[in-house]
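Enquirer: Got a structure here, written out as structure tokens. Questions coming.
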Amino acid sequence: MAAQKPSTPKGTRDFSPDEMMRRNFIFDTIRSVFKKYGYQPIETPAMENLETLMGKYGDEGDKLIFKIRSNKNLRDKLNDDKKKALDEIYDYWLPQNSDKALRYDLTVPFARFVVQHQNKLTFPFKRYQIQPVWRADNPQLGRYREFYQCDADVIGSKSLINEAELVQMVDEVFTKFETPVTIRISNRKVIAGIAEVAGVPDRMVDVAVTLDKYDKIGDKIFEDFRKQDFSEESIESLRMIVDVANECVEKHKEGDSNFGFTRLRQLFSDCTIGLKGVDEVEQVFKYLKLDNEVKNPLNNSELTFSLILARGLNYYTGAIFEVTSDVATLKSSICGGGRYDDLTGIFGLPNVSGVGISFGIDRIFDVLNEVGYPEDVTAKEGTRVLFANFGGEDEKYSLKLLKQVRDAGIAAEIYLDPVKMGKQFKYADDKKIPFVAIVGENERAYNNVTLKNMSTGEQVTVSFADLLEKIK
């Protein structure tokens, strides 16, 4: 029988030690910012009950949920009322008899967690979560079937200070990455206002999903509206709104950040919900721009109000965020989020508002691999010094020094076999270990160490104290 060719499932990937050190740098950077703003860690299971996930992501999102096949015919064990309830939720009962699924995102499981553990939590509850999620998507550049999300959410508060702090957190993270980004902010109430102005208030979701495609397909969205049986009058209204949106973006680039709010108030003059959305976005800008003399209140990010930013998730009710890189080839969102007013209500805890953001680790990883990291992560995180191994008494002495180096908090190792030095140096080169410590009979006699710098080739003989200082 021929040997099986090893491979990973489509849409997944392995990570080498160097890649994991870079990924851990990303994780640690984001985690440090989350903690700085008072967020606490939680974890939830990789799989959730199917009914927890279904119906929360829109029709397109529901199709991407990885369902787990059960080895039991679950439906046959249900009474008629429960069968009917399940059929209403899923439209049909899956032939695989699925009752569980891999989580699609971290937000819905978080809402379930809050309701289930509400008596143990302090509200407003600020949590962060760093775990993988799975989607049955078509893999392509920046899109995977298994990928990590780093989420920060605060639940139990309607204050728009939360939205302002989330923007600051995004800016701080990408400032640490030395990667400029654009943060676009909109509001689902603005989208509802657009639907009302266009004369289709009952089709807000269709309007949101289609407008959200504008950055990818441009004016072709109007043909999409026609295919969805929107009237020509409504389509012309939507075209006018897109023109207003583009005008607002241009004025913002010219430095007039107030133009958009003024123009939209004119557009929504008779639309209460649209005006409410504009007011909320403007208040977030005000919280961020406490000093009116500062044109851009952020360090390394451009903040813009995007009228047609919608994002497809059904549970958003207020602010919506989307972050894209200004310098990478990948133009897809690398971070996003929004406000949800009643996500916990579906689990029995109504009227609890939350807002959060999600960093797409795998896309950020791809971006930083392209544009560069702010420091040599592998050199910082990897082994700092390799002790050469000559065997015998030299090996014993080196092991003693090795323990002291590790006790000082420095990553160190010893070559495991007393082989030729060329092989040991090659090992250090291959692992990008910056120093090799050489201990032979002369070094033992004088309690010294010969230290070789692998990048310059320089060798110096130093005391143990100086050794620690040089390799830190």
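Enquirer: By how many nm would the segment from residue 351 to residue 16 lengthen if fully extended, with 0.36 nm per residue of separation less the alpha-carbon distance?
Expert: Numbers: separation 335, 0.36 × 335 = 120.60 nm, distance 4.54 nm.
Using 0.36 nm per residue and subtracting the Cα-Cα distance, I get 116.1 nm.
Enquirer: Can you work out ³J(HN,Hα) from phi for every residue in region 241-248, in order, using Karplus 6.51 cos²θ - 1.76 cosθ + 1.60 and θ = phi - 60°, giving whole Hz and x for Gly and Pro?
Expert: The phi angles translate into 5, 5, 4, 5, 4, 5, 5, 5 Hz.
Enquirer: While we're here: Could you give the angle, 0 to 90 degrees to the nearest 10, between helix 188-197's Cα long axis and the longest principal axis of the Cα atoms of the chain?
Expert: The answer is roughly 30 degrees.
Enquirer: How charged is the neighbourhood of residue 317? Take every other residue with its Cβ under 9 Å from the Cβ of residue 317, and add Lys/Arg as +1 and Asp/Glu as -1.
Expert: Neighbour charge sum, excluding residue 317 itself: +1.
Enquirer: By per-residue mean of other Cβ atoms within 10 Å, what is the highest-first order of 401-414, 260-273?
Expert: Ranked by mean Cβ neighbours within 10 Å, highest first: 260-273, 401-414.
Enquirer: Any idea of the accessible area per residue across region 307-461, 1.4 Å probe, to the nearest Å²?
Expert: So region 307-461 comes to 45 Å² accessible per residue, rounded to a whole number.
Enquirer: Filter 10/380; 56/227; 36/432 down to the pairs with a C-alpha to C-alpha distance above 30 Å, please.
Expert: 10/380; 36/432
Enquirer: Using 0.36 nm per residue, how much length does the chain from residue 116 to residue 43 gain when fully extended, once their Cα-Cα distance is taken away?
Expert: 24.9 nm
Enquirer: I would also like to ask the following. What nm value, rounded to one decimal, do you get for the distance between residue 407 and residue 80 when each label is placed 7 Å out toward the C-beta?
Expert: Reported label-point gap for residue 407 and residue 80 is 7.8 nm.
Enquirer: Could I ask something else about it? Tally Lys and Arg at +1 and Asp and Glu at -1 over the other residues with C-beta under 11 Å from the C-beta of residue 200: what net charge comes out? Mind dumping the intermediate values first?
Expert: Details: positive: 203; negative: 196, 202, 206, 229, 233.
Taking every other residue near residue 200 into account, the sum is -4.
Enquirer: Can you quote the Å³ per residue value for the convex hull of the Cα atoms in the chain, rounded to an integer?
Expert: Residue-normalised Cα hull volume stands at 229 Å³.
Enquirer: Out of region 310-354, which trypsin sites (Lys or Arg not before Pro) are coil in DSSP terms and have no more than 14 other C-beta atoms within 10 Å?
Expert: Filter output for region 310-354: 331.
Enquirer: Return one number: the angle in degrees, 0 to 90 and rounded to the nearest 10, between the long axis of the Cα atoms of helix 361-371 and the longest principal axis of the Cα atoms of the chain.
Expert: Taking Cα atoms only, the helix is inclined about 60 degrees.
Enquirer: Further question on the same structure: How far apart, in nanometres, would the label points at residue 383 and residue 226 be if each is projected 7 angstrom from Cα along the Cα-to-Cβ direction?
Expert: Each label point lies 7 Å from its Cα, and together they span 6.6 nm.
Enquirer: Taking the simple approach of a point 7 Å from Cα along Cα-to-Cβ for both residue 432 and residue 262, what is their distance in nm?
Expert: Going from the residue 432 label point to the residue 262 one covers 5.2 nm.
Enquirer: Same structure, new question: Ignoring ligands, DNA and RNA, what percent of the accessible area of the chain is carbon or sulfur (1.4 Å)? Provide the component values of the computation, followed by the final result.
Expert: Numbers: 11350 of 23760 Å².
Result for the chain: 48 percent of the exposed heavy-atom area is carbon or sulfur.
Enquirer: In addition: Please compute the contact order of the chain in relative form: average sequence separation of alpha-carbon pairs under 8 Å and at least six residues apart, divided by the residue count, as a percent.
Expert: Once divided by the residue count of the chain, the mean separation gives 16 percent.
Enquirer: What is the list of residues in region 415-457 whose amide nitrogen lies under 11 Å from a point 7 angstrom out from the Cα of residue 466, following Cα to Cβ?
Expert: Under 11 Å, as judged by backbone N against the label point of residue 466, lie 448-451 of region 415-457.
Enquirer: If you don't mind, another one. Just in region 202-286: which GluC sites (Glu not before Pro) are loop by DSSP and have at most 15 other Cβ atoms within 10 Å? Walk me through the numbers on the way to the answer.
Expert: Working: sites: 223, 232, 233, 236, 247, 250, 254, 280, 282; in loops: 254.
Sparse-neighbourhood loop GluC sites (Glu not before Pro): 254.
Enquirer: If each DSSP helix of 4+ residues adds -39,500 (n - 2.57) and the sum is divided by the residues in the chain, what number results at 222 nm, nearest 500 deg cm²/dmol? List each step's numbers first, then the result.
Expert: Numbers: 19 runs with 200 residues, N = 472.
When only DSSP H runs of four or more count, the value is -12500 deg cm²/dmol.
The values are calculated or read from the model by the stated rules, or taken from the named source; none is laboratory data. Quick caveat, the model's predicted, so the values are computed rather than measured. Reconstructed Cβ throughout: ideal geometry from the backbone, glycine too, with neighbour counts over all protein chains shown. Side chains are part of the model used for accessible areas, which takes the heavy atoms of the whole protein and leaves out ligands, DNA and RNA. Shrake-Rupley method; radii C 1.70, N 1.55, O 1.52, S 1.80 Å.
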